[in-house]
1. As an exercise: evaluate residue 475 against (1) open to solvent by 10 Å² or more (accessible area, probe 1.4 Å); (2) modelled with pLDDT of 85 or more; (3) under 20 Å from residue 322 (Cβ atoms) and give the number of the one condition it does not meet.
2. Quick one: which residue in 385, 405 is surrounded by 15 or more Cβ atoms within 10 Å (Cβ to Cβ) and among the acidic types (Asp, Glu)?
3. So in the range 262-276, with the set limited to residues that are farther than 13 Å from residue 231 by Cβ and modelled with pLDDT under 85, which one is least open to solvent (accessible area, probe 1.4 Å)?
4. Given the conditions (1) open to solvent by 60 Å² or more (accessible area, probe 1.4 Å); (2) under 24 Å from the mean Cα position of the chain (by Cα); (3) of a type outside the set (S, T, N, Q), report the number of the one that residue 216 does not fulfil.
5. Those residues that are among the charged types (D, E, K, R) and within 21 Å of residue 214 (Cα to Cα), I need them from the range 318-356; list them, please.
6. Pairs please, first residue from the range 277-288 and free of Cβ contacts under 8 Å to residues at least 40 places away in the same chain, second anywhere and in a helix (DSSP H, G or I) and open to solvent by less than 100 Å² (accessible area, probe 1.4 Å), Cβ atoms under 9 Å, 6+ apart in sequence or on different chains.
7. Considering only the range 325-372, state which residues are closer than 21 Å to residue 462 by Cα, open to solvent by less than 10 Å² (accessible area, probe 1.4 Å) and of a type in the set (A, V, I, L, M, F, W, C).
8. For residues that are of a type in the set (A, V, I, L, M) and open to solvent by 10 Å² or more (accessible area, probe 1.4 Å), scanning just the range 414-439, find the one that is farthest from residue 206 (Cα to Cα).
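The values are calculated or read from the model by the stated rules, or taken from the named source; none is laboratory data. In this text the structure is predicted, and so the values were computed from the model without any measurement. Cβ atoms come from the backbone with ideal geometry, glycine included; neighbour counts cover every protein chain shown. Remember, those area values only see protein heavy atoms, side chains included, never the ligands or the DNA or RNA. Shrake-Rupley method; radii C 1.70, N 1.55, O 1.52, S 1.80 Å.
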Amino acid sequence: MTRLDAALRERFPEMPGFRPGQREAIEAVIEGRDVLAVLPTGGGKTLVYQLSGAELGGTTVVATPLIALMQDQVRRLEGDAEAVAALTGSVRGQAREELLERLARGEIDFCFATPEQLARDDTRAALSRATVSLFAVDEAHCISEWGFDFRPAYRELADVIEEMGRPPVLALTATAPEAVRRDITGELKLVSPTVVARGFDRPNLHFGVVHVTDAERRDRQLAAVLESAETPAIVYCTTRREAEDTARALFELEVGSGDRQLAAGAYHGGMERELRHEVQKAFLYGDLEVLCATSAFGMGIDHPDIRTIVHRTMPDSLEAYWQEVGRAGRDGLPTDCILLFRPEDRAVHEHLHRRSRPSEASVARMVHLASRVVGPRPHTEVVAELAATARVARSGVASLLEDLERFGYVERSDREVHWQGAASAAMEDLAAHHATQVRVDSSRLQMMAAYAEYGGCRRRFLLDYLGDEYPADLCLRCDACLRAASTRGPDDWDLDAQEARMSDARSGPFSKGDAVRHPSWGEGVIQRVNGDVLVVRFDEVGYRSMHAPTVLERGLLASAATPA
C-alpha cells in the first residue's frame, strides 16, 4: 500500500479507492507543480485538495464562489478535527481581525474564502505572512469569459497567489472546454501546469428533449414528464418568478390516475435565508418531491439520489446545462435529464444578458470619471467614488476597471489605480469588446438550441462540446439513440459495421481541436466534427456551424498555429 493509499483510507474510509484523475492530480501537487484538474461533477474534486493539503502540511487556502459550498466543506473538515476557517463578508470587526491573525501565524489548516474576500487588503496582508503550502481554486471556470458563470473577482487571484509566495496552484472545475482551460491557465498564470482531464461521461444519466409547441401548455407537459419520472426531482427555471409560478402550478395540477398533488416547492436566491434553508431541508429529507429552482440551488448540495432533473426552459449554455444535470444521480443509479425546449425561450436569456450589462451611457459616465483620476489612488476608493457618482453597482465598476486594465487604459500597482490614455479611445475599445461579448453569448444560446434540435446521439453532442469522446455508435441512453435503435434490424448491430460508420462520420481533413483561421471571423478552434458538419468556436464571434464541403470548396478555413 502506498503512502497516498494509506492517507486515503485514513481520511476517507468510505472511499474504496481513488477515482480516475484524483491520484494523478494529488501526486503532481505534492511534487510542487501547478495542476488544472477537469473532473466530472461528482468525480471527487474536494478530495483532491483536502488530501493534497493534508499531505503538504501548512495552510491550504481554497477560493470558492459560494458561501453555502464553503460552509458545507468547513463542517466536514471540522469533523476531522482540522483547524478550519471560512472568511466571508459576515465575519467583521474583532472576529475578523482574530481570524486573520490566526491565518498569519499558521494556525489554520484550511482557509476557505470567496475571491472577493481574498482580494481585500487585510486578507492579502495576512496571507503574505502565512505559510501557504497550497492554493486551490474551486469552480475555476468562473475566471473565463467563455465560462458559463464568469466572475471578474477571480482575475484578482493571480496577484493574490504572488503575495502568498507563489505556492503550488490547484485549479479545479467540472466544466471546461478547451477555450476555458486556456483562460484558466493564462489568467491564473499557471506555470507549465499538469492538466488532468478525465472522462466526463456519466453513464447513468439518460438524456431527452420534449418540444413545447404551446407555451400555455408547458406546465401540463412538465406535469406529464414528472408523472412518469422518479423523485426526488429538480425542475430548473430561468428566473425567480418562474420558479415560484412553476411550483404553484405543479401543486395545483392533478397528477396521475389518483388525482394526487405533487409536493413541490420553490428555491431561489431572492428568498429569505431562513426560508431557503427550510425549503432545502424539506427537499433533502423527502418532504418535497419536486424542487423548482434557479441555478442558485445545487452547488455544494450533497444529495446523491436525485432521480430526475428537468429544465423547464433551456439554460443559456451547454456548460450550464452540463453542470446542472451533473448534480443528479451521484449514487450511480439511472437518472433522467429532460429538457423542455421552445425556440422562443432564448429571448428570455437575451433580455437577461442585456440587463446584466451597463448601458452605453453608464459606461461613458464611468470612463469619463475614471479618466479624471489624478495620480495613483487606492483601488477601493476609486471603485466607491465611481459607483456613487455614476450610480452603478460596485461590481459593475470593478468589472469595467478590469476591462480598462486589460486594454491598457488603467494601470494598477500595489492596489493603486491611475489612468493613462484617451477616454475616447477607451470607449471605442470597450464598445468593440462588448459587441464581441454579445456575439459570443448569442452563439452559446445557439449551441444550446442546436443540442435540443439535434437528431443524433445527445450524449456524443455534449461530450464532443466538452472536449471528450464517445466511441460507440449509439449510447442507448438518450431519446435519439433509442428511436434509432427501434428501427434497426439484427444486421445493424454488427460491431465492425458500427466502427466503420463512426470512422466515416469523422473522416475528412478537419479534426476536433484543430486551430483554424477564417477570413472574416478570425482565429478559432474546431469544437465538433460530425460527418460534413463542423462546429468552430471563433474568438471574436463565438460558435459557428459550417458545411465541410463548402468550407473546402471556398477555402474558408486555413490552418493556424495551435493555441498555447
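1. Unmet for residue 475, out of (1) open to solvent by 10 Å² or more (accessible area, probe 1.4 Å); (2) modelled with pLDDT of 85 or more; (3) under 20 Å from residue 322 (Cβ atoms): (1).
2. Working: 405 fails: surrounded by 15 or more Cβ atoms within 10 Å (Cβ to Cβ).
Result: 385 is the single residue among 385, 405 that is surrounded by 15 or more Cβ atoms within 10 Å (Cβ to Cβ) and among the acidic types (Asp, Glu).
3. So in the range 262-276, the residues farther than 13 Å from residue 231 by Cβ come out as 266-276.
Adding the requirement that they be modelled with pLDDT under 85 leaves 269, 273.
Values: 269: 39, 273: 180 Å².
Among them, the one singled out is 269.
4. (2)
5. Step one: filter the range 318-356 for residues among the charged types (D, E, K, R), giving 319, 324, 327, 330-331, 336, 342, 344-346, 350, 354-355.
342, 344, 345, 346, 350, listed by residue number.
6. 280/68
7. 325, 328, 337, 339, 340, 341
8. At the first step, the residues of the range 414-439 found to be of a type in the set (A, V, I, L, M) are 417, 422-423, 425-427, 430-432, 435, 438.
Next, from what is left, pick out any that are open to solvent by 10 Å² or more (accessible area, probe 1.4 Å): 422-423, 425, 427, 431-432, 435, 438.
Details: 422: 55, 423: 53, 425: 51, 427: 47, 431: 42, 432: 41, 435: 37, 438: 32 Å.
My answer is 422.
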